[in-house]
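Trainee: Next up is a structure, given as C-alpha coordinates.
The values are calculated or read from the model by the stated rules, or taken from the named source; none is laboratory data. No experiment lies behind these values; they were computed from the predicted model shown. Using ideal geometry, Cβ is built from the backbone for each residue, glycine included, and neighbour counts are taken over all protein chains shown. Calculation scope for accessible area: heavy atoms of the full protein, side chains included, ligands and nucleic acids excluded. Shrake-Rupley method; radii C 1.70, N 1.55, O 1.52, S 1.80 Å.
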Amino acid sequence: MKIIHTRGFSKLEQVNYQRIIHANLISCMQILIEESKKLKLSKFNSELKEIIKEIGMIDKEATITDGFGGKIQKLWESENIQKTYEKYETYHLPDSTNYFFQKIDEICQKDYVPTDEDILLCRSQTTGVIQIQFESHGHNFTIIDVGGQRNERRKWITHFEGVTAVLFVTSLSGYNQVLYEDEEVNRMEESLTLFFEQCNSRWFNDVPFILFLNKLDLFEKKLSVYPLKDLFQEYDGGDNLENAKEFIKQKFLEKSKNKQKTIYTHFTTATNTKNVKVVFAMVQDIILNKMLPEIGYL
Ligand SMILES: Nc1nc2c(ncn2[C@@H]2O[C@H](COP(=O)(O)OP(=O)(O)OP(=O)(O)O)[C@@H](O)[C@H]2O)c(=O)[nH]1
Ligand SMILES: [Mg+2]
(Lines give C-alpha, C1' and ligand atoms only; values in the text may rest on other atoms or scores of the structure.)
(Ligands and ions follow the chains in the order given, each with its own letter.)
Protein backbone atom coordinates (compact mmCIF):
# COMPACT_ATOMS: atom_id res chain seq x y z
CA MET A 1 0.00 0.00 0.00
CA LYS A 2 2.87 2.30 0.82
CA ILE A 3 4.45 1.70 -2.55
CA ILE A 4 1.23 2.24 -4.43
CA HIS A 5 -0.40 5.04 -2.49
CA THR A 6 2.24 7.07 -0.73
CA ARG A 7 5.59 8.34 -1.94
CA GLY A 8 7.10 4.97 -1.22
CA PHE A 9 9.72 4.38 1.44
CA SER A 10 11.73 7.20 3.01
CA LYS A 11 15.53 7.10 3.26
CA LEU A 12 15.20 6.21 6.92
CA GLU A 13 12.82 3.35 6.18
CA GLN A 14 15.17 2.06 3.50
CA VAL A 15 18.05 1.99 5.98
CA ASN A 16 15.80 0.22 8.44
CA TYR A 17 14.89 -2.38 5.82
CA GLN A 18 18.54 -2.84 4.92
CA ARG A 19 19.08 -3.84 8.57
CA ILE A 20 16.08 -6.16 8.51
CA ILE A 21 17.32 -7.86 5.33
CA HIS A 22 20.78 -8.38 6.80
CA ALA A 23 19.21 -9.80 9.94
CA ASN A 24 17.00 -12.03 7.75
CA LEU A 25 20.11 -13.42 6.04
CA ILE A 26 21.76 -14.26 9.35
CA SER A 27 18.67 -15.79 10.91
CA CYS A 28 17.90 -17.85 7.78
CA MET A 29 21.45 -19.17 7.76
CA GLN A 30 21.23 -19.97 11.48
CA ILE A 31 18.06 -21.95 10.87
CA LEU A 32 19.75 -23.83 8.01
CA ILE A 33 22.76 -24.65 10.18
CA GLU A 34 20.52 -25.95 12.98
CA GLU A 35 18.41 -28.01 10.58
CA SER A 36 21.49 -29.45 8.87
CA LYS A 37 22.42 -30.95 12.24
CA LYS A 38 19.02 -32.58 12.63
CA LEU A 39 19.24 -33.96 9.10
CA LYS A 40 22.74 -35.30 9.76
CA LEU A 41 24.12 -33.07 7.03
CA SER A 42 26.48 -31.16 9.25
CA LYS A 43 29.88 -32.44 8.18
CA PHE A 44 31.67 -29.31 6.94
CA ASN A 45 35.28 -28.69 5.97
CA SER A 46 37.42 -26.56 8.26
CA GLU A 47 36.86 -23.34 6.25
CA LEU A 48 33.07 -23.71 6.46
CA LYS A 49 33.28 -24.70 10.15
CA GLU A 50 35.09 -21.43 10.79
CA ILE A 51 32.35 -19.49 8.98
CA ILE A 52 29.66 -21.28 11.00
CA LYS A 53 31.48 -20.28 14.17
CA GLU A 54 31.58 -16.65 13.06
CA ILE A 55 27.88 -16.69 12.24
CA GLY A 56 27.17 -18.07 15.69
CA MET A 57 28.93 -15.13 17.28
CA ILE A 58 27.66 -12.30 15.13
CA ASP A 59 25.50 -9.60 16.67
CA LYS A 60 21.99 -9.92 15.21
CA GLU A 61 21.81 -6.17 14.57
CA ALA A 62 25.16 -6.02 12.80
CA THR A 63 25.57 -4.91 9.20
CA ILE A 64 27.12 -7.66 7.10
CA THR A 65 30.22 -6.47 5.32
CA ASP A 66 31.08 -7.38 1.77
CA GLY A 67 33.76 -9.84 2.92
CA PHE A 68 31.53 -11.60 5.41
CA GLY A 69 28.73 -11.74 2.82
CA GLY A 70 31.11 -13.67 0.57
CA LYS A 71 31.71 -16.19 3.35
CA ILE A 72 28.01 -16.66 3.99
CA GLN A 73 27.51 -17.15 0.27
CA LYS A 74 30.15 -19.90 0.28
CA LEU A 75 28.31 -21.65 3.07
CA TRP A 76 24.94 -21.20 1.31
CA GLU A 77 26.36 -22.82 -1.82
CA SER A 78 27.84 -25.77 0.06
CA GLU A 79 26.35 -29.18 -0.65
CA ASN A 80 25.06 -29.78 2.88
CA ILE A 81 23.32 -26.44 3.21
CA GLN A 82 21.75 -26.84 -0.23
CA LYS A 83 20.53 -30.33 0.68
CA THR A 84 19.12 -28.95 3.92
CA TYR A 85 17.43 -26.13 2.03
CA GLU A 86 15.75 -28.64 -0.32
CA LYS A 87 13.86 -29.96 2.71
CA TYR A 88 12.65 -26.51 3.82
CA GLU A 89 9.01 -27.60 3.79
CA THR A 90 9.70 -29.77 6.82
CA TYR A 91 10.76 -26.89 9.10
CA HIS A 92 10.26 -23.11 9.39
CA LEU A 93 12.19 -21.06 6.92
CA PRO A 94 11.02 -17.74 5.45
CA ASP A 95 9.66 -18.13 1.90
CA SER A 96 12.12 -15.64 0.44
CA THR A 97 15.32 -17.24 1.75
CA ASN A 98 16.47 -18.28 -1.72
CA TYR A 99 15.68 -14.84 -3.18
CA PHE A 100 17.95 -13.05 -0.71
CA PHE A 101 20.80 -15.53 -0.83
CA GLN A 102 20.80 -15.24 -4.62
CA LYS A 103 21.56 -11.55 -4.31
CA ILE A 104 23.71 -11.57 -1.19
CA ASP A 105 26.58 -10.05 -3.11
CA GLU A 106 24.57 -6.91 -3.91
CA ILE A 107 22.97 -6.79 -0.44
CA CYS A 108 26.32 -6.68 1.34
CA GLN A 109 27.74 -3.79 -0.69
CA LYS A 110 28.24 -0.59 1.28
CA ASP A 111 25.94 1.43 -0.95
CA TYR A 112 23.14 -1.14 -1.07
CA VAL A 113 19.66 0.37 -1.06
CA PRO A 114 16.82 -2.18 -0.86
CA THR A 115 14.54 -2.20 -3.88
CA ASP A 116 10.76 -2.19 -3.44
CA GLU A 117 10.81 -5.89 -4.25
CA ASP A 118 13.41 -6.55 -1.55
CA ILE A 119 11.26 -4.70 0.96
CA LEU A 120 8.17 -6.66 -0.05
CA LEU A 121 9.97 -9.94 0.26
CA CYS A 122 11.77 -9.47 3.55
CA ARG A 123 10.29 -10.91 6.70
CA SER A 124 9.43 -8.39 9.36
CA GLN A 125 6.87 -9.66 11.80
CA THR A 126 4.21 -7.13 12.82
CA THR A 127 4.19 -6.56 16.55
CA GLY A 128 1.77 -4.04 17.93
CA VAL A 129 -0.42 -2.18 15.51
CA ILE A 130 0.65 -0.21 12.48
CA GLN A 131 -1.50 2.43 10.81
CA ILE A 132 -1.05 3.87 7.39
CA GLN A 133 -3.13 6.66 5.94
CA PHE A 134 -3.40 7.75 2.37
CA GLU A 135 -5.66 9.52 0.00
CA SER A 136 -7.00 7.95 -3.13
CA HIS A 137 -9.51 9.42 -5.57
CA GLY A 138 -10.44 12.13 -3.10
CA HIS A 139 -11.07 9.77 -0.17
CA ASN A 140 -8.98 9.23 2.91
CA PHE A 141 -8.18 5.66 3.84
CA THR A 142 -6.72 4.37 7.07
CA ILE A 143 -5.42 0.84 7.09
CA ILE A 144 -4.77 -0.68 10.50
CA ASP A 145 -2.38 -3.60 10.27
CA VAL A 146 -2.29 -6.03 13.18
CA GLY A 147 0.10 -8.91 13.81
CA GLY A 148 -1.19 -12.39 13.03
CA GLN A 149 0.78 -14.52 15.45
CA ARG A 150 -1.06 -15.85 18.51
CA ASN A 151 0.50 -13.55 21.08
CA GLU A 152 -0.39 -10.52 18.92
CA ARG A 153 -4.08 -11.28 18.70
CA ARG A 154 -5.10 -9.97 22.10
CA LYS A 155 -4.11 -6.49 20.88
CA TRP A 156 -6.68 -6.62 18.12
CA ILE A 157 -9.76 -5.88 20.15
CA THR A 158 -8.88 -2.27 20.91
CA HIS A 159 -9.13 -1.52 17.19
CA PHE A 160 -12.39 -3.25 16.45
CA GLU A 161 -14.71 -0.30 16.83
CA GLY A 162 -15.78 1.75 13.86
CA VAL A 163 -14.06 -0.16 11.07
CA THR A 164 -15.58 0.01 7.61
CA ALA A 165 -14.36 -3.36 6.48
CA VAL A 166 -12.15 -6.18 7.68
CA LEU A 167 -9.43 -7.30 5.32
CA PHE A 168 -8.57 -10.85 6.32
CA VAL A 169 -5.39 -12.16 4.72
CA THR A 170 -4.76 -15.89 4.74
CA SER A 171 -1.99 -17.91 3.13
CA LEU A 172 -3.15 -20.53 0.61
CA SER A 173 0.29 -22.01 0.84
CA GLY A 174 -0.22 -22.83 4.54
CA TYR A 175 -2.18 -26.01 3.87
CA ASN A 176 0.88 -28.21 4.29
CA GLN A 177 2.61 -26.13 6.97
CA VAL A 178 2.39 -26.00 10.72
CA LEU A 179 2.34 -22.94 12.99
CA TYR A 180 5.53 -21.34 14.15
CA GLU A 181 3.92 -20.99 17.58
CA ASP A 182 2.68 -24.60 17.79
CA GLU A 183 4.01 -27.33 15.55
CA GLU A 184 0.98 -29.51 16.26
CA VAL A 185 -1.36 -27.14 14.47
CA ASN A 186 -1.79 -26.84 10.71
CA ARG A 187 -1.65 -23.24 9.44
CA MET A 188 -4.73 -23.40 7.28
CA GLU A 189 -6.76 -25.05 10.04
CA GLU A 190 -5.73 -22.24 12.40
CA SER A 191 -6.65 -19.63 9.84
CA LEU A 192 -10.06 -21.21 9.27
CA THR A 193 -10.72 -21.20 13.02
CA LEU A 194 -9.64 -17.59 13.26
CA PHE A 195 -11.84 -16.63 10.34
CA PHE A 196 -14.75 -18.41 12.03
CA GLU A 197 -14.16 -16.43 15.23
CA GLN A 198 -13.80 -13.09 13.49
CA CYS A 199 -16.57 -13.22 10.96
CA ASN A 200 -19.03 -14.43 13.58
CA SER A 201 -17.83 -11.98 16.22
CA ARG A 202 -20.45 -9.59 17.60
CA TRP A 203 -18.07 -6.71 16.88
CA PHE A 204 -18.38 -7.38 13.20
CA ASN A 205 -22.10 -8.17 12.93
CA ASP A 206 -22.62 -5.54 10.26
CA VAL A 207 -19.09 -5.24 9.00
CA PRO A 208 -18.33 -6.70 5.59
CA PHE A 209 -15.27 -8.86 5.13
CA ILE A 210 -12.82 -8.94 2.28
CA LEU A 211 -10.95 -12.21 2.30
CA PHE A 212 -7.58 -12.33 0.57
CA LEU A 213 -6.52 -15.84 -0.29
CA ASN A 214 -2.86 -14.93 -0.58
CA LYS A 215 0.41 -16.55 -1.69
CA LEU A 216 -1.23 -17.85 -4.83
CA ASP A 217 2.19 -18.05 -6.50
CA LEU A 218 3.52 -20.49 -3.89
CA PHE A 219 0.26 -22.44 -3.78
CA GLU A 220 0.36 -22.99 -7.53
CA LYS A 221 3.88 -24.39 -7.30
CA LYS A 222 3.28 -26.80 -4.46
CA LEU A 223 -0.16 -28.14 -5.31
CA SER A 224 1.04 -30.98 -7.53
CA VAL A 225 3.76 -31.93 -5.05
CA TYR A 226 1.73 -31.85 -1.83
CA PRO A 227 -1.84 -33.11 -2.35
CA LEU A 228 -4.56 -30.93 -0.83
CA LYS A 229 -6.36 -34.15 0.01
CA ASP A 230 -3.78 -34.86 2.72
CA LEU A 231 -5.38 -32.07 4.76
CA PHE A 232 -8.97 -32.27 3.54
CA GLN A 233 -9.98 -35.90 2.93
CA GLU A 234 -13.22 -34.84 1.29
CA TYR A 235 -11.40 -32.90 -1.44
CA ASP A 236 -11.41 -34.73 -4.75
CA GLY A 237 -10.31 -32.08 -7.25
CA GLY A 238 -6.76 -33.44 -7.68
CA ASP A 239 -4.03 -30.95 -8.52
CA ASN A 240 -6.26 -28.79 -10.70
CA LEU A 241 -5.57 -25.24 -9.57
CA GLU A 242 -9.07 -23.90 -10.10
CA ASN A 243 -10.67 -26.80 -8.23
CA ALA A 244 -8.30 -26.35 -5.33
CA LYS A 245 -8.78 -22.56 -5.15
CA GLU A 246 -12.55 -22.88 -5.21
CA PHE A 247 -12.51 -25.62 -2.57
CA ILE A 248 -10.47 -23.54 -0.13
CA LYS A 249 -12.56 -20.46 -0.81
CA GLN A 250 -15.72 -22.43 0.07
CA LYS A 251 -14.05 -23.78 3.22
CA PHE A 252 -13.68 -20.19 4.42
CA LEU A 253 -17.07 -18.97 3.25
CA GLU A 254 -18.90 -21.79 5.01
CA LYS A 255 -17.49 -20.59 8.35
CA SER A 256 -19.90 -17.67 8.42
CA LYS A 257 -23.01 -18.54 10.44
CA ASN A 258 -24.87 -15.66 8.87
CA LYS A 259 -25.31 -16.75 5.28
CA GLN A 260 -26.34 -13.20 4.31
CA LYS A 261 -23.06 -11.74 5.50
CA THR A 262 -21.13 -9.92 2.80
CA ILE A 263 -17.79 -11.61 2.23
CA TYR A 264 -15.81 -10.63 -0.86
CA THR A 265 -12.96 -12.91 -1.85
CA HIS A 266 -9.83 -12.32 -3.90
CA PHE A 267 -6.93 -14.55 -4.78
CA THR A 268 -3.74 -12.54 -4.37
CA THR A 269 0.02 -12.55 -4.56
CA ALA A 270 0.88 -9.75 -2.17
CA THR A 271 4.50 -9.53 -3.26
CA ASN A 272 3.45 -8.66 -6.79
CA THR A 273 2.78 -4.92 -6.82
CA LYS A 274 0.88 -5.10 -10.12
CA ASN A 275 -1.47 -7.71 -8.70
CA VAL A 276 -1.97 -5.69 -5.52
CA LYS A 277 -2.77 -2.57 -7.57
CA VAL A 278 -5.57 -4.36 -9.38
CA VAL A 279 -6.88 -5.93 -6.19
CA PHE A 280 -6.79 -2.69 -4.25
CA ALA A 281 -8.65 -0.87 -7.02
CA MET A 282 -11.37 -3.52 -6.66
CA VAL A 283 -11.40 -3.17 -2.87
CA GLN A 284 -11.69 0.59 -3.18
CA ASP A 285 -14.56 0.19 -5.58
CA ILE A 286 -16.31 -2.18 -3.17
CA ILE A 287 -15.82 0.19 -0.23
CA LEU A 288 -16.81 3.37 -2.04
CA ASN A 289 -19.57 2.09 -4.27
CA LYS A 290 -21.10 -0.76 -2.30
CA MET A 291 -20.31 -0.59 1.40
CA LEU A 292 -20.48 3.12 2.20
CA PRO A 293 -23.72 3.78 0.26
CA GLU A 294 -25.31 0.83 2.07
CA ILE A 295 -24.62 2.28 5.49
CA GLY A 296 -25.77 5.73 4.31
CA TYR A 297 -22.32 7.25 4.44
CA LEU A 298 -22.23 8.59 0.90
N1 LIG B 1 5.83 -15.63 -2.50
C2 LIG B 1 5.02 -14.86 -1.78
N3 LIG B 1 5.47 -14.41 -0.60
C4 LIG B 1 4.63 -13.63 0.11
C5 LIG B 1 3.31 -13.29 -0.34
N6 LIG B 1 2.74 -12.51 0.58
C7 LIG B 1 3.65 -12.35 1.57
N8 LIG B 1 4.79 -13.03 1.29
C9 LIG B 1 6.01 -13.13 2.11
O10 LIG B 1 5.65 -13.75 3.33
C11 LIG B 1 6.39 -13.20 4.42
C12 LIG B 1 5.44 -12.75 5.51
O13 LIG B 1 4.68 -11.65 5.06
P14 LIG B 1 4.13 -10.58 6.07
O15 LIG B 1 3.46 -9.53 5.27
O16 LIG B 1 5.19 -10.18 7.05
O17 LIG B 1 3.02 -11.46 6.83
P18 LIG B 1 2.06 -11.01 7.97
O19 LIG B 1 0.78 -11.74 7.77
O20 LIG B 1 1.99 -9.50 8.07
O21 LIG B 1 2.75 -11.61 9.26
P22 LIG B 1 2.60 -11.02 10.76
O23 LIG B 1 3.14 -9.62 10.70
O24 LIG B 1 3.38 -11.94 11.64
O25 LIG B 1 1.13 -11.04 11.04
C26 LIG B 1 7.23 -12.08 3.82
O27 LIG B 1 8.53 -12.57 3.64
C28 LIG B 1 6.56 -11.78 2.51
O29 LIG B 1 7.47 -11.32 1.55
C30 LIG B 1 2.89 -13.82 -1.59
O31 LIG B 1 1.77 -13.62 -2.07
N32 LIG B 1 3.78 -14.61 -2.26
MG1 LIG C 1 2.50 -8.14 9.32
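Trainee: Quick check: at a probe of 1.4 Å, how many percent of the accessible area of the range 149-259 sits on carbon and sulfur atoms?
Mentor: Ligands and nucleic acids excluded, carbon and sulfur give 48 percent.
Trainee: I've got another one for you. Using +1 at the Cβ of each Lys and Arg and -1 at the Cβ of each Asp and Glu in the range 160-294, identify which of F252, V185, V276 lies farthest towards the dipole's positive end.
Mentor: Positive-most Cα among the choices belongs to V276.
Trainee: Tell me the relative contact order for the range 160-294 as a rounded percent, counting alpha carbon contacts under 8 Å between residues six or more apart.
Mentor: On the way: 160 pairs, mean separation 38.9, N = 135.
Worked out over the range 160-294, it gives 29 percent.
Trainee: From the cross-link list K257/K290; K11/K110; K2/K251; K87/K221; K2/K274; K221/K249, which pairs have alpha carbons spaced over 24 Å apart?
Mentor: Values: K257/K290 22 Å; K11/K110 15 Å; K2/K251 31 Å; K87/K221 15 Å; K2/K274 13 Å; K221/K249 18 Å.
Exceeds cut-off: K2/K251.
Trainee: Roughly how many debye, to the nearest 20, is the charge dipole of the range 2-121 about its Cα centre, given +1 on each Lys and Arg Cβ, -1 on each Asp and Glu Cβ, and no other charges?
Mentor: Numbers: 17 positive and 20 negative charges, 66 e Å.
The dipole magnitude comes to about 320 debye.
Trainee: Mind jotting down the distance between the C-alpha centroids of the range 223-288 and the range 1-34, whole Å?
Mentor: Spelled out, the Cα-based centre of one part sits 28 Å from the other.
Trainee: Out of the chymotrypsin sites (Phe, Trp or Tyr not before Pro) in the range 104-201, which ones are loop residues according to DSSP with at most 16 other C-beta atoms within 10 Å?
Mentor: Those that pass, being in a loop and sparsely packed, are F160, Y180.
Trainee: State which stretch of the chain is the longest one without any exposed GluC sites (Glu not before Pro), exposure meaning a DSSP loop state and at most 14 other Cβ atoms within 10 Å.
Mentor: Details: sites that count: E61, E161, E181, E183, E184, E234, E254.
The reported range is 62-160.
Trainee: State the percentage of accessible surface on the range 28-125 attributable to carbon and sulfur atoms; use a 1.4 Å probe and exclude ligands, DNA and RNA. Please report the intermediate quantities before stating the final value.
Mentor: Numbers: 2800 of 5720 Å².
Carbon with sulfur: 49 percent of the solvent-accessible area.
Trainee: Share of antiparallel DSSP beta bridges in the chain, in percent to the nearest 5? List each step's numbers first, then the result.
Mentor: Numbers: 9 of 20 bridges.
Roughly 45 percent of the DSSP beta bridges within the chain come out antiparallel.
Trainee: Quickly estimate the mean residue ellipticity at 222 nm for the chain, helices only: each DSSP H run with n ≥ 4 gives -39500 (n - 2.57), and the total goes over all residues, rounded to 500.
Mentor: Using -39500 (n - 2.57) per qualifying helix, the result is -12500 deg cm²/dmol.
Trainee: Another question about this same structure. Using a simple charge model, +1 on the beta-carbon of Lys and Arg, -1 on the beta-carbon of Asp and Glu, nothing else, what dipole does the chain show about its Cα centre, in debye to the nearest 20? Walk me through the intermediate numbers first.
Mentor: Numbers: 38 positive and 43 negative charges, 64 e Å.
That gives the chain a dipole magnitude of about 300 debye.
Trainee: Now a separate question. With every protein chain left in place, what is the accessible area per residue of the range 1-136 in square angstrom, probe 1.4 Å? Walk me through the intermediate numbers first.
Mentor: On the way: 7920 Å² over 136 residues.
Accessible area per residue, the range 1-136: 58 Å².
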